[in-house]
Amino acid sequence: MRNCTIFTLSNGMRVVHQYIPTTAIVHCGIFVGIGSRDEQIANQGIAHFWEHMAFKGTRKRTSLDIIKSLDSIGGELNAFTDKEKIVFYASVRKEYFERALDVLTDITFHSTFPEKELEKERGVILEEMAMYFDSPDDSLQDELEALIFKDHPMGMNILGNEQTVRAFRKKDFVSFFADHADSRKIVFSCIGNITLEEVEQLVKKYLEPKPRLKASATRKKFTKYKQGENNLKRGVKQTRCALGRTAYPLLNEKRIPLYLMTNILGGPGMNSRLNLSVREKHGLVYSIDAQYLAYADTGMFAIYFGTEPKQAKKCLTLVRREMDKLCDKKLSARELASAKEQIKGQLAMSEENNLGLMIMMGRAVIDLDRVPPLQETFDKIEAVDALTLQTVAQETFDPRHLSYLTMEPDLK
């Protein structure tokens, strides 16, 4: 169970720590509250490119030094960029925690963006983009986001486009970080067999000396959703389908009910309604999933599947049928109780993954200024009644507000 300690450094950065004595590994990361949604059309992809360039040299380390720093002792160093955050994280044995913190701090705050490395990494990212377009599952979600969040940074591809990626220079990365970085949205998260006293001592050595940062740029809110449709032709064998819409933001009281409803409809369990109908009963897909993502000021609900082109229409009919059932009829007491136990079990099992738990803690402190206890989440799940679930289904699954995307084989 979660037993986190959160404290704030004198420069405004926050630290969240959980002590777990039964592991030899420490997972830690620096979370920066900047993401692809903070970009503009002219610089889309810069957050992701900046994440890459952080590994390419600092004032005291070359790119090779950074690669070897944790790999040489059997540790891992990695990063990711999403819509609202850039995260640098590491996993090491506890005796190398200080080294991990030193490296993470160095690449986050002291990257030099060497020109030679910049040109090489530009080629790497262009190859990543090519690989992405060859993966229909990856590109399907991004294309749906572009449709739902049309004409807004939330809908722009995290990788950017070829034109912007080819244009970035050192000054662009420096100014992007300077404009958007804010100490109040920078969090160090740590979990493992390391005491709070040790963590306090080392973050005061490596993180507290960093100057207080204040963002000058403001994040553009998403407010105007309009239902849309798009049909794409790609070099695929299956027809890939996605449907979705905007959904409740992170702090909305209906977030937990929609999370529960999404799990019932198309969660990871083999007993999800979509899987039982479209795969198990009719054999039309290999996988079908429903997803709900909550952001600071908006959210996204979506369903994804792939099938033979001639079966796509039937699949969509079956999907609509399952959604209508949840809209038209309340769950029975037994169905509701079972759904709650399932999602609580999934959440409890996710707590066994210490790396995932560390990432959840860092996200929570940025988004909520706290890490909610697991029991608090359980209590909110238990408080959901059948009528609330039906209302959430009716609001979210309304066909008049769903956007549709198909990716069909290009037969030319």
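Here are a few things to note about the model shown:
- Selection status of Glu408, more than 30 Å from Ala79 (Cβ to Cβ), charged (D, E, K, R), at pLDDT below 95 and surrounded by 14 or more Cβ atoms within 10 Å (Cβ to Cβ): yes
- Of everything in the range 49-68 that is small (Gly, Ala, Ser) and outside any helix (DSSP H, G or I), the residue that is nearest to Ile366 (Cα to Cα) is Ala54.
Every residue, every condition in (1) crowded, with 18+ Cβ neighbours inside 10 Å; (2) in the same structural domain as Asp102 (by TED's automatic domain parsing); (3) among the basic types (Lys, Arg), yes or no:
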{"residue": "Ala178", "(1), (2), (3)": "no, yes, no"}
{"residue": "Phe188", "(1), (2), (3)": "yes, yes, no"}
{"residue": "Leu196", "(1), (2), (3)": "no, yes, no"}
{"residue": "Leu202", "(1), (2), (3)": "yes, yes, no"}
{"residue": "Leu213", "(1), (2), (3)": "yes, no, no"}
{"residue": "Thr223", "(1), (2), (3)": "no, no, no"}
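- Flag for Leu232 being part of a helix (DSSP H, G or I), within 30 Å of Gly306 (Cα to Cα) and at pLDDT below 95: no
- For the range 173-206, a residue qualifies if it is touching a Ser or Thr at 6+ places or on another chain (Cβ under 7 Å) and either within 16 Å of Ile86 (Cβ to Cβ) or of a type in the set (Asp, Glu) (or both), and exactly one does: Asp179.
- Scanning the range 366-390 for residues that are under 17 Å from Phe80 (Cβ atoms) and of a type in the set (A, V, I, L, M, F, W, C) gives a single hit, Ile366.
- Single condition Ile343 does not satisfy, out of (1) within 21 Å of the chain's Cα centre (by Cα); (2) surrounded by 13 or more Cβ atoms within 10 Å (Cβ to Cβ); (3) over 24 Å from Leu243 (Cβ atoms): (3)
- Pick from the range 61-95, criterion surrounded by fewer than 16 Cβ atoms within 10 Å (Cβ to Cβ) and touching a Phe, Trp or Tyr at 6+ places or on another chain (Cβ under 7 Å), ranking: farthest from Ser175 (Cα to Cα): Ile73
- Members of the range 244-273 that are under 17 Å from Cys315 (Cα atoms), surrounded by fewer than 24 Cβ atoms within 10 Å (Cβ to Cβ) and touching a residue at least 40 places away in the same chain (Cβ under 8 Å): Arg273
- Flag set for Thr58, criterion: crowded, with 22+ Cβ neighbours inside 10 Å, free of Cβ contacts under 8 Å to residues at least 60 places away in the same chain and in the same structural domain as Phe168 (by TED's automatic domain parsing).
- Every pair of residues 6+ apart whose Cβ atoms lie under 9 Å, when the first sits in the range 148-176 and is at positive phi and exposed (fewer than 14 other Cβ atoms within 10 Å of the Cβ) while the second is of a type in the set (Val, Ile, Thr) and part of a helix (DSSP H, G or I): none
- In summary, helices (runs of 4 or more DSSP H) completely within the range 69-186 and bearing 2 or more residues that are more than 26 Å from Glu229 (Cβ to Cβ) and under 21 Å from the mean Cα position of the chain (by Cα) occur at 97-109, 115-133, 170-180.
Okay, residues lined up against (1) farther than 21 Å from Lys330 by Cα; (2) modelled with pLDDT of 95 or more:
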{"position": "Lys224", "(1), (2)": "yes, no"}
{"position": "Gln227", "(1), (2)": "yes, yes"}
{"position": "Ala242", "(1), (2)": "yes, yes"}
{"position": "Thr246", "(1), (2)": "yes, yes"}
{"position": "Asn252", "(1), (2)": "yes, yes"}
{"position": "Arg255", "(1), (2)": "no, yes"}
{"position": "Leu274", "(1), (2)": "no, yes"}
{"position": "Ser277", "(1), (2)": "no, yes"}
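- In the range 26-42, the count of residues that are surrounded by fewer than 20 Cβ atoms within 10 Å (Cβ to Cβ), of a type in the set (Ser, Thr, Tyr) and either over 17 Å from the mean Cα position of the chain (by Cα) or not assigned by TED's automatic domain parsing to the domain that holds Pro373 (or both) is zero.
- For the range 1-25, the set of residues classified as surrounded by fewer than 16 Cβ atoms within 10 Å (Cβ to Cβ) and outside any loop (DSSP other than H, G, I, E, B) consists of Thr5, Phe7, Thr8, listed by residue number.
- The range 103-125: number of residues that are surrounded by 15 or more Cβ atoms within 10 Å (Cβ to Cβ) and without any contact (Cβ under 8 Å) to a residue 40 or more places away in the chain: 0
The values are calculated or read from the model by the stated rules, or taken from the named source; none is laboratory data. Keep in mind it's a predicted model, so treat the numbers as computed, not measured. So basically every Cβ, Gly included, is an ideal-geometry build from the backbone, and we count neighbours across all protein chains shown.
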